[in-house]
Amino acid sequence: MRKISLQWRLTILTTVLITVLCGCLTFFLYKNGVYYIDTLQETVTDQGTTPEAVYIDIPDNEWDDFAAQFATKVYNSKSDYRNRSLLITGVVALIGGAVTYFVSGRALKPLREFSETVEKVQAQNLTEYTIEENKIAELDRLRTSYNKMLLRLSESFETQRQFTGNAAHELRTPLALIQAQLDLYHAAENSENEAAAQETIQMVTEQNERLSKLVRTLLDMSELQTVARNEKIEMQGLIEEVLADLEPLAQEKNIELIQKTQNSSDGRTDGTEESLLVACSVNSNEKPEDELILTGSDILIYRMIYNLVENAIKYNRVDGTVTVSAKREKNEVVLTVADTGNGIDEAFREQIFEPFFRVDKSRSRELGGVGLGLALVREIVRVHDGKIEVRGNEQGGTTFEVRMGMGWNRRIK
């Protein structure tokens, strides 16, 4: 059945009601007019119905009295007609108003039920009070939008609760370690105080660094929406800067950092390959023919690339490689970061972007991670209207691919 809009419902109901009221008003006014005309007729025909009886012979000396009486009768009839017409109009208007009230109340009943359902919604029961399908077109569209909004809110609240719980857990662990170490220090013998003090200071320093990094990452995530994203970013230069900043970390595991530049039209490698070897810097003299420009936040895009490359270094094998490339495919900028580590199981490839998720928790903590790096990457990609995918590669490692959506990038000569 085709849904009738609320506007058409009210229009049809009002039209029908006005038609009925006008018909009733016309009928009663007609009957009232006929009644008073008949009254005047009776004044003339009181003496009979034959022509001879209707004929009245009024003497000249009584004509003035007759004319005055007849005029009075006509005036009274008009006055009564007017008063009764006003009374009929008032009564019909009152009846019409009452009928309109009840009819419109029934027509707006779905809206009233919708309002009552909305009033019952709380943060704890967002999905329990979804609106059922309605025959009114406007309300059905509103129902669909409202239910989708509830679903988004429910997911947001759930994410917030999960994030808060995980953050509390992550903060509690180093605090508990600090407290335990301090308790151990206070319980130690005097001869062992110096060694215990050094151990305590070292542990507190490490945990403080971990807490500081966690807080910085949380602040970065909270400020994502407020950062301006209208800067022109030269991607190859930014990648080069990130690789230079992470060179010391790569040296610790003898990892080779490779930057590849690719052709803008078809994505093929153009032969330019810049490497960051141990004790070696990027060759800045080799430049691609064109510059790959992305419109966005320079700070956020830097953080995104930095986190991906840092993650690739930390979870890579000794003497491995990390390859970073950026290219243009049609109307998208495509950034890839590939490593030669142990790879990520397919079952975890979506979960790794969740805050505080770790495939190997003990190893992640040994490496100094707080579990927010990839979550921050995903949020940065999202606010730039892009998408990120993770897959395995031929070297047995992991490849992250970031695509920035149309409208965020362009290529210039």
Discussion item. Under the 0.36 nm per residue contour assumption, what length would be gained going from the current alpha-carbon distance of TYR30 and TYR75 to full extension?
Written reply: 14.3 nm
Worksheet item: If each of GLU389 and GLU155 carries a label point 7 Å out from its Cα toward its Cβ, how far apart are those two points in nm?
Response: 2.0
Worksheet item: Across region 97-108, in residue order, what do the Karplus-derived ³J(HN,Hα) couplings come to in whole Hz, using 6.51 cos²θ - 1.76 cosθ + 1.60 with θ = phi - 60° and x for Gly and Pro?
Response: x, 5, 5, 4, 4, 6, 5, 5, x, 5, 5, 9
Worksheet entry | Long-range HN-HN contacts of ILE233 with modeled amide H, under 5 Å | LEU294, THR295, GLY296
Fill in: Pairs beyond 20 Å (Cα-Cα), from LYS314/LYS387; LYS327/LYS387; LYS232/LYS327; LYS330/LYS387; LYS120/LYS148; LYS31/LYS78
LYS314/LYS387
Worksheet item: Applying the Karplus parametrisation 6.51 cos²θ - 1.76 cosθ + 1.60 with θ = phi - 60° to the phi angles of region 372-384, what ³J(HN,Hα) value in whole Hz is obtained for each residue in order, glycine and proline being reported as x?
Response: 10, x, 6, 4, 5, 4, 4, 5, 5, 4, 5, 5, 9
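Starting with the highest mean, order 97-103, 341-347 by the number of other Cβ atoms within 10 Å, averaged over the residues of each peptide. Mind showing how you got there, number by number?
On the way: 97-103: 12.1, 341-347: 14.3.
Averaged packing, sorted descending, gives the order 341-347, 97-103.
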Discussion item. Spelling out what I want: for every residue of region 68-75, take phi, set θ = phi - 60°, compute 6.51 cos²θ - 1.76 cosθ + 1.60 (Karplus), and round to whole Hz; glycine and proline get x.
Written reply: 5, 5, 5, 4, 5, 4, 5, 4
Discussion item. Please list, ordered by chain and number, the residues whose modelled amide H lies under 5 Å from the amide H of ARG317; skip anything fewer than 5 residues away on the same chain.
Written reply: THR340, GLY341
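Laboratory data are not the source of any read-out in this text; all were calculated from the coordinates shown. Remember, predicted model here, so these are calculated numbers, not experimental data. Every residue, glycine among them, receives a Cβ derived from its backbone with ideal geometry; neighbour counts consider all protein chains shown.
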